[in-house]
1. Any residue at all in region 45-56 that's outside any helix (DSSP H, G or I), at pLDDT 95 or above, of a type in the set (V, I, T) and under 22 Å from T2 (Cβ atoms)?
2. Out of region 113-127, which residues are within 21 Å of A38 (Cβ to Cβ) and either in a strand (DSSP E or B) or open to solvent by less than 60 Å² (accessible area, probe 1.4 Å) (or both)?
3. Any residue in region 152-162 that is in contact with a strand residue (DSSP E or B) (Cβ under 6 Å, 6 or more places away or on another chain), part of a strand (DSSP E or B) and over 21 Å from T2 (Cα atoms)?
4. Inside region 88-100, can you point out the residues that are open to solvent by 50 Å² or more (accessible area, probe 1.4 Å) and either touching a residue at least 12 places away in the same chain (Cβ under 8 Å) or in contact with an Asp or Glu (Cβ under 9 Å, 6 or more places away or on another chain) (or both)?
5. State yes or no: is R59 assigned to a helix (DSSP H, G or I), in contact with a Gly (Cβ under 8 Å, 6 or more places away or on another chain), under 21 Å from L41 (Cα atoms) and not hydroxyl-bearing (S, T, Y)?
6. Would region 100-111 turn up any residue that is modelled with pLDDT under 95 and either touching a strand residue (DSSP E or B) at 6+ places or on another chain (Cβ under 7 Å) or of a type outside the set (G, A, S) (or both)?
7. Is it the case that region 109-127 has a residue that's under 27 Å from N54 (Cβ atoms) and in contact (Cβ under 8 Å) with a residue 60 or more places away in the chain?
Amino acid sequence: MTEQQPFAIERAFDDFELRRYPDHVLVQVTVDGDFLRAGNLGFRPLISYISGRNAQATRIPMTAPVTQEPLGEHTHTVSFVLPEGTDPATVPVPSDASVATVAVPASLVAARRFGGGWTDARFEQNGEMLLAAVERAGLRAAGNLYFARYDPPWKPGFLKHNEALVRVEEQAAPTR
């Protein structure tokens with residue numbers, strides 16, 4: 001069973017959850033390509049990194065989700081979440097110069113779950129629905145929309161677990 005990134009649900013809304021993610025470490029790469037191509041291009045160097053292609057030749061267990069943040073129409077950052085408890089000070093240095101490790105502080109995140117195959121239209125539609133729901137709830141986005149994939153590509157689309165996510169400003173949760 002693949003370890004999943006931990007979080008605590010602070011509040012459930014009709015269309016999304018408000019989650020608290022603890023400090024964590026990402027290994028990431030920024031690539032060019034449309035949404036699906038970028039996901040594929042980004043996966044290869046990241047899987048190499050956790051498979052031991054790093055300065056310490058350390059193998060790191062795969063975790064879920066794999067995230068993807070569009071930075072522009074044809075540029076995306078693809079990230080693996082390293083296992084819970086990974087110390088940013090001792091994380092292996094990447095051997096591939098295109099790969100970076102990033103310590104991420106605890107944050108409040110709005111998340112909308114959805115199923116189905118991986119199409120850019122499905123991710124875009126759910127992202128727009130999440131942003132609209134966040135606004136209706138009186139919250140403000142504090143970053144770019146990003147997406148999470150929890151399943152391997154060979155899993156049937158109707159069984160896949162995906163999410164649209166956006167960090168939100170820290171404030172008292174609305175009472176609506």
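The values are calculated or read from the model by the stated rules, or taken from the named source; none is laboratory data. On a predicted model such as this, the values are computed, not experimentally measured, just so you know. A quick note on method: Cβ atoms are made from the backbone with ideal geometry, for glycine too, and the neighbour counts reach across all protein chains shown. The accessibility values were calculated without ligands, DNA or RNA, using every heavy atom of the protein model including side chains. Shrake-Rupley method; radii C 1.70, N 1.55, O 1.52, S 1.80 Å.
1. Checked region 45-56: no residue is outside any helix (DSSP H, G or I), at pLDDT 95 or above, of a type in the set (V, I, T) and under 22 Å from T2 (Cβ atoms).
2. F114, G116, G117, W118, T119, F123, N126, G127
3. No, the conditions are met nowhere in region 152-162.
4. Correct list: P88, V93, S95, S98.
5. Considered against the rule, which asks whether it is assigned to a helix (DSSP H, G or I), in contact with a Gly (Cβ under 8 Å, 6 or more places away or on another chain), under 21 Å from L41 (Cα atoms) and not hydroxyl-bearing (S, T, Y), R59 comes out as no.
6. Checking region 100-111: not a single residue is modelled with pLDDT under 95 and either touching a strand residue (DSSP E or B) at 6+ places or on another chain (Cβ under 7 Å) or of a type outside the set (G, A, S) (or both).
7. no
Residue-by-condition table, conditions (1) under 23 Å from W118 (Cβ atoms); (2) open to solvent by 60 Å² or more (accessible area, probe 1.4 Å):
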| position | (1), (2) |
| --- | --- |
| A38 | yes, no |
| G52 | no, no |
| A55 | no, yes |
| Q68 | yes, no |
| L71 | yes, yes |
| H74 | yes, yes |
| G85 | no, yes |
